[in-house]
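The values are calculated or read from the model by the stated rules, or taken from the named source; none is laboratory data. In this text, all values refer to a predicted model and were calculated from it rather than measured experimentally. We place every Cβ from the backbone using ideal geometry, glycine too, and count neighbours over all the protein chains shown. Note: accessible area is taken over every heavy atom of the protein model, side chains too, but ligands, DNA and RNA are not part of it. Shrake-Rupley method; radii C 1.70, N 1.55, O 1.52, S 1.80 Å.
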Amino acid sequence: MEKKLTALSHLFVTVFLSGFSTIIVAPAIIDVTMFALCPGTDECSLAIYLSGFQQAIIGLGTALMMPIIGNLSDQYGRKALLTLPMTLSIIPLAILACNRTANYFYAYFAFKTLTDMVCQGSINCLALAYLADNISYRQRASAFGILAGVTSAAYVCGTLAARFLSTGLAFQVATFVSLFAVVYMRIFLEESIPADQGEGITQPILKEGEEDNIIQNDDNAPTKVPPFKKIPSLGDVIYLMKNSPSFAQAAIVAFFNNLGEGGMESSSMYYLKARFHFNKDQFADLMLIGGIVATISQLFIMPLLVSPIGDGRLLSIGLFASCVYAILYSIAWSAWVPYAAAAVSTVMVFAPPSLRSIASKQAGPREQGKAQGCISGIISLANIMAPLIFSPLTSLFLSEGAPFHFPGFSIICIAITLMIAFIQSLMIGRAPSTSNAENSMEV
């Protein structure tokens, strides 16, 4: 028990350091981009389109890579696969740590696009699979919530550090921390291979010898499915969805939720900069408030609510809060409204770990990487579509050529996609079971 808890603490430290190195430069990216592309202006259509193009290309790459990375981690271990994205993520940070002129920015842009095809989302995907290897299904929602809380803590610390560091120093610190994270992970984190789950900190979900050929249905009863091939095909993903209604519904929720979140990511900062002339420090303050609220909620509130409420209801509550958040952004009449809207993240942050927990329960112990990889791939597909839809819409309604005056129109459209995800989340668990409860295995 002690040995496994120590291993999990090293995982949390690894995730924290990786997240910190990413977030510490986030408030400065907008200013660096604007300075390189449109110096001296607060509105830049080129920056919006370029950001959207990058997000779409990265989404296409990750949609292809996430199921493969998850599958390979089932075969070769989580630690071995974590090394690749954590190492690649150092390169773009090191470029801007050297200089932030236009030429260096374009080099950063190219390397960031290429490396994020492997890096974006893969660390979280592999960390979730690592937890699933060592935590029983009844405790996974809480464990995933704690992991999300650690990520939010990195968000807070990174944002706070960015508030007091110059842009150049922020990139230098990020480069050092990301390098240190790789070294720490390689030295201290123990390998986790699903085949060894029987020795985990809790009993296996299913009886030994049957893990390879079953998934969990909505009543936690096992359903026979053929073993996955080494590299999962689209047919494998479709087969998994057909044989687990809850997994299929979770996939739909993941798509629409991340279509909305991707739209917010590609549009909201440019919207705030054009509407209220936000600068780096204001972006950092806004991120800090949201991060503090999210950290407290995920580390202390969510674990208390999982047992009495359940991950299904927590998912719906979080998605409804996301709708409210987007609506508040779209009708913001003053610069303080986005700060007030950040309070809604107290509840919003319930959604991602609850969704991952539901998906995790539908896969056997040796298919956790595949299941999380499939969900990550679907999320990446949404990230491809989001900027293609919302970046042009944002640019149009922030320009003088808008059909009518409503700068937040694209954000309202984002709220609609989040509402679709909320409605679909209400249906999870209501589909007919794929096997009888009497076939369920002991935990």
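A few notes on this one:
- Of the listed residues E367, E400, the order by accessible area with a 1.4 Å probe, largest first, is E400, E367.
- Label-point separation, L64 to H277 (7 Å along Cα→Cβ), nm: 4.5 nm
- Judged by the gyration tensor of its Cα atoms, with axes a ≥ b ≥ c, the range 70-141 is prolate; a/c meets the 1.5 cut and a/b is the larger of a/b and b/c.
- Taking 0.36 nm per residue of sequence separation and removing the Cα-Cα distance, the L114/F180 pair yields an extension gain of 21.6 nm.
- Per residue, the accessible area of the range 229-338 comes to 41 Å², computed with a 1.4 Å probe over protein heavy atoms only.
- Legend: residue pairs K79/K242; K242/K370; K112/K370; K112/K242, Cα-Cα distance threshold 27 Å; pairs beyond threshold, K79/K242; K112/K242.
- Applying 0.36 nm per residue to the separation of F164 and E190 and subtracting their alpha-carbon distance, the gain on full extension is 5.9 nm.
- Efficiency of FRET between A343 and A80 - r from beta-carbon atoms, R0 41 angstrom, step 0.05: 0.50
- Spin-label model distance (nm) - C38 vs S9, 7 Å beyond Cα toward Cβ: 4.9 nm
- Solvent-accessible heavy-atom area per residue, rounded to whole Å², over the range 16-139 at 1.4 Å: 37 Å²
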